[in-house]
Structures are given as C-alpha cells and as structure tokens.
Amino acid sequence: MTKLYCYVDESGQDTRGKLFIVAVIVVGTDARDELIASLEVIEQETSKGQLKWSNTNRTRRVEYIRSIVNLQLLVRKINYAHYTDTLDYLPLTVSTIEKALRETGEGDFTAIVLIDALPPSQARRIGNLLHQSGMPVKKVRGVRREESDALIRLADSVCGWVRDSHEAETDLRVLFDQAIRKGILRDLGK
C-alpha cells in the first residue's frame, strides 16, 4: 500500500468570496525526502528562504517559481483549484483534496493530510468529511508556522502564484502557463 502525503493551503478568504484558491501538493513516501531537499536548495538559491509568499518580494517570487517550473520531480504533484463568488470554504477545500488524491493516488493508498494553520477542531471535521467520501485518509492535522517544511511553503507559494497570475502579474502568468503545459501544475477546478 502506498503512503501519500498531502500538503494543503488556501488563500482568498480576505476577498469575502470573490476568489478562493486551494493548493494541494501530493507526494509519495518514495519521493518526499528528495523533493523536500530540492525545494530547500531552491529556497536558498533564490533567497526566498522560509518566507511566506506574502512576505517575499516580487523578484524572489519570480526566481522561485521559475525554479519550481523547471523541477521535474514536481510533475503531477502540484494541484490547485480556484473558485469565485463563494463562501463555502470548507467544502471546497475538502473537494479539492479529494480530487487531488483521486488524480494522484493509484491503486491502494493511504493519505496523511497536512493543512497550513488548521485548528484541531477543523482537522477532525475535514477528516470525517474525507472518510465519508471514501478517501483512505489516515490522519488530518494542521501545521503550525514553526513546523512548516518546504512542501507546506510550496503550497503557500502556489496559492499566491495562482492568485497573482489571475490578477495579471505578467511574468508569473507566463510561468503559470508553462507549468500547466509541462504537467507541473494541474487545475482541478475544471
């Protein structure tokens, strides 16, 4: 049985439903350590470091995303969905996680879902909803800032990248289109 790690972040609640984005990074145990190491090198080389997207300057954002788009280890790993005109944040987050696991999980698998800044009460609720939908989820838990690793930071950056791309950030939009073509980034909202 394959063990999958699912790293999740969301963005857009500040728009009061105008735009809501969910990013889901799904990686198997076999590739996880190598991917984390590669992402940490990229964070260091681009001087992004461990900063969240909102605290990273534009030049570093573009350099970081350019490196992400060229990292073959990420093919079929980065998933996102963007929604408009809705306040149904929790059901949309659960739905996006389900879609990402269905797209990535082949054969028998079990998943551990890690969600940025999720309170324990919400973790139980999301876990129950995923189980009710038939998802083989072993555990759902929130990740506190000090526990953040390169994959949860990638999920945060993907949310920011998708949002900036949809708000006409030209360099980031070009990289967004390249990532879709290369299979690095998958739109689950279709």
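For the reader, a short list of remarks on this structure follows.
- Condition met for Arg61 (of a type in the set (Lys, Arg) and surrounded by 14 or more Cβ atoms within 10 Å (Cβ to Cβ)): yes
- Candidates in region 12-30 are the residues that are buried (at least 16 other Cβ atoms within 10 Å of the Cβ) and modelled with pLDDT under 95; of these, the one that is farthest from Asp116 (Cα to Cα) is Leu19.
- For region 72-90, filtered to residues that are at negative phi and out of contact with any helix residue (DSSP H, G or I) (no Cβ under 8 Å at 6 or more places or on another chain), the residue that is surrounded by the fewest Cβ atoms within 10 Å (Cβ to Cβ) is Gln72.
- Neighbours by Cβ (under 6 Å, 6+ apart or cross-chain): first from region 94-109, touching a residue at least 40 places away in the same chain (Cβ under 8 Å) and more than 16 Å from Val22 (Cα to Cα); second surrounded by fewer than 21 Cβ atoms within 10 Å (Cβ to Cβ) and among the basic types (Lys, Arg): none
- The residues of region 124-154 that are without any contact (Cβ under 8 Å) to a residue 12 or more places away in the chain and surrounded by 12 or more Cβ atoms within 10 Å (Cβ to Cβ), listed by number, are Asn128, His131.
- Enumeration of residues in region 143-190 that are modelled with pLDDT under 95, of a type in the set (Gly, Ala, Ser) and not in a helix (DSSP H, G or I): Ser148, Ala168, Gly189
- Helices (runs of 4 or more DSSP H) contained entirely in region 29-140, each with at least 2 residues that are under 24 Å from Leu172 (Cα atoms): 29-45, 58-69, 89-104
- The residues of region 71-90 that are within 19 Å of Gln122 (Cβ to Cβ) and free of Cβ contacts under 8 Å to residues at least 24 places away in the same chain amount to a single one, Asp88.
- Among the residues listed as Arg181, Arg186, the single one being basic (Lys, Arg), within 27 Å of Ala37 (Cα to Cα) and in contact (Cβ under 8 Å) with a residue 12 or more places away in the chain: Arg186
- Test: residue in region 36-57 that is within 12 Å of Leu151 (Cβ to Cβ), among the acidic types (Asp, Glu) and surrounded by 12 or more Cβ atoms within 10 Å (Cβ to Cβ): yes
- Where Val69 falls short, out of the listed (1) in contact with a strand residue (DSSP E or B) (Cβ under 7 Å, 6 or more places away or on another chain); (2) surrounded by 18 or more Cβ atoms within 10 Å (Cβ to Cβ); (3) within 28 Å of Val41 (Cα to Cα): (1)
- Residue check, Val174 aliphatic (A, V, I, L, M), out of contact with any Gly (no Cβ under 7 Å at 6 or more places or on another chain) and without any contact (Cβ under 8 Å) to a residue 24 or more places away in the chain: yes
- Ser121, sole failed condition from (1) farther than 30 Å from Thr46 by Cβ; (2) out of contact with any Pro (no Cβ under 7 Å at 6 or more places or on another chain); (3) surrounded by 15 or more Cβ atoms within 10 Å (Cβ to Cβ); (4) of a type outside the set (A, V, I, L, M): (3)
- Single match in Val137, Val113, Val174, Val158 (criterion: farther than 23 Å from Thr15 by Cα, among the β-branched types (Val, Ile, Thr) and within 12 Å of the chain's Cα centre (by Cα)): Val113
The values are calculated or read from the model by the stated rules, or taken from the named source; none is laboratory data. As the structure is a computational prediction, the values presented were derived from the model and not from experiment. Don't worry about glycine lacking a Cβ; one is built from the backbone with ideal geometry, like all the others, and counts go over all protein chains shown.
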